[in-house]
Each structure stands twice: as structure tokens, then as C-alpha cells.
């Protein structure tokens with residue numbers, strides 16, 4: 001129960017951050033990717049802030065025996081960079097560039113622009129189902 005409340009609060013904070021920073025607006029994301037046109041650097045500042053917070057979190061995590069709200073840390077077991085990782089990153093980047101959304105902002109965009117979010121999330125879920133069917 002406690003972990004669910006922490007997850008809800010964390011997700012709400014993340015969603016609020018996306019809304020305040022304007023990252024649920026596909027035009028802002030496309031503006032960031034348009035480096036030769038009307039470039040919008042806002043996303044660079046959002047990413048920089050996220051990297052700064054995550055860097056601090058990694059330093060804190062190294063000094064902790066276990067997380068505050070869980071029994072153990074859930075860290076990646078490998079650092080392997082393989083075809084699947086690169087392919088997934090490319091697919092993510094292409095989808096992000098075309099739609100101007102990625103999974104987090106797409107869920108939040110249901111409030112702002114439900115139709116576009118529905119199309120994106122529907123495609124994302126279809127891709128997840130296809131991946132599971134192919135990988136099984």
C-alpha cells in the first residue's frame with residue numbers, strides 16, 4: 001500500500017513537471033528537434049535539470065543500503081549495448097520526432113489533447129503487443 005502511494009505521488013509530480021515545462025506539447029518537442037529552423041531550447045533545459053537531479057540520485061543511492069520505500073534497489077543487471085537496445089532507441093527516437101510525444105507525456109496529454117494522445121498510446125500499446133508476440 002505504501003509503495004503504491006509513493007508511486008502515485010511520484011507519477012503525479014512527474015506529470016506536473018511535464019505540464020509546467022510544456023513537454024506535453026508536441027510543438028515544443030518538434031521545435032527542439034528543428035535545429036536548423038525555429039529552434040526552441042526549452043527541452044534542453046528540462047533535460048539538463050533531469051540529468052542534474054538523476055546525477056544527485058545516483059550519488060545518494062550508492063550510499064544507501066536499501067531504498068526508503070522498497071526492500072531492494074531495482075538496478076539494471078547488465079550494461080550490454082546490443083542490437084535490441086540500439087534498435088529500440090532508434091525506434092523511440094523516430095516515434096518521438098514524428099509524434100512529438102514519448103510515453104510519459106502521452107499519458108499526461110490525455111487531459112490536454114485526448115484524440116492525439118489516444119492515437120499515440122494506441123500505437124504504443126500495439127507495438128508492445130507485437131513485440132511480446134515476436135519475442136515469445
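Summary of values
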read-out	value
Unmet requirement for residue 58, which otherwise passes all of (1) at pLDDT 85 or above; (2) more than 21 Å from the chain's Cα centre (by Cα); (3) loosely packed, with under 11 Cβ neighbours inside 10 Å	(2)
Any chance residue 47 is out of contact with any helix residue (DSSP H, G or I) (no Cβ under 7 Å at 6 or more places or on another chain), part of a helix (DSSP H, G or I) and farther than 25 Å from residue 116 by Cα	no
Sole exception among (1) within 15 Å of the chain's Cα centre (by Cα); (2) surrounded by fewer than 13 Cβ atoms within 10 Å (Cβ to Cβ); (3) outside any helix (DSSP H, G or I) for residue 88, by number	(3)
Within segment 91-113, tally of residues that are over 15 Å from the mean Cα position of the chain (by Cα) and over 18 Å from residue 20 (Cα atoms)	1
Lone qualifier among 35, 29, 68, 94 - being free of Cβ contacts under 8 Å to residues at least 40 places away in the same chain and in a helix (DSSP H, G or I)	94
Qualifying residue in segment 1-12 (condition: surrounded by fewer than 11 Cβ atoms within 10 Å (Cβ to Cβ), in contact (Cβ under 8 Å) with a residue 12 or more places away in the chain and either over 27 Å from residue 127 (Cα atoms) or in contact with a strand residue (DSSP E or B) (Cβ under 9 Å, 6 or more places away or on another chain) (or both))	yes
Single residue of 119, 111 found to be touching a helix residue (DSSP H, G or I) at 6+ places or on another chain (Cβ under 9 Å), surrounded by 11 or more Cβ atoms within 10 Å (Cβ to Cβ), modelled with pLDDT under 85 and outside any loop (DSSP other than H, G, I, E, B)	111
Subset of segment 75-85 that is assigned to a helix (DSSP H, G or I) and more than 17 Å from the chain's Cα centre (by Cα) - its residue that is nearest to residue 120 (Cα to Cα)	84
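The values are calculated or read from the model by the stated rules, or taken from the named source; none is laboratory data. Quick caveat: nothing in here was measured; it's all calculated off a predicted structure. When we count neighbours, we look across all protein chains shown, and the Cβ atoms used for this are built from the backbone with ideal geometry, even at glycine.
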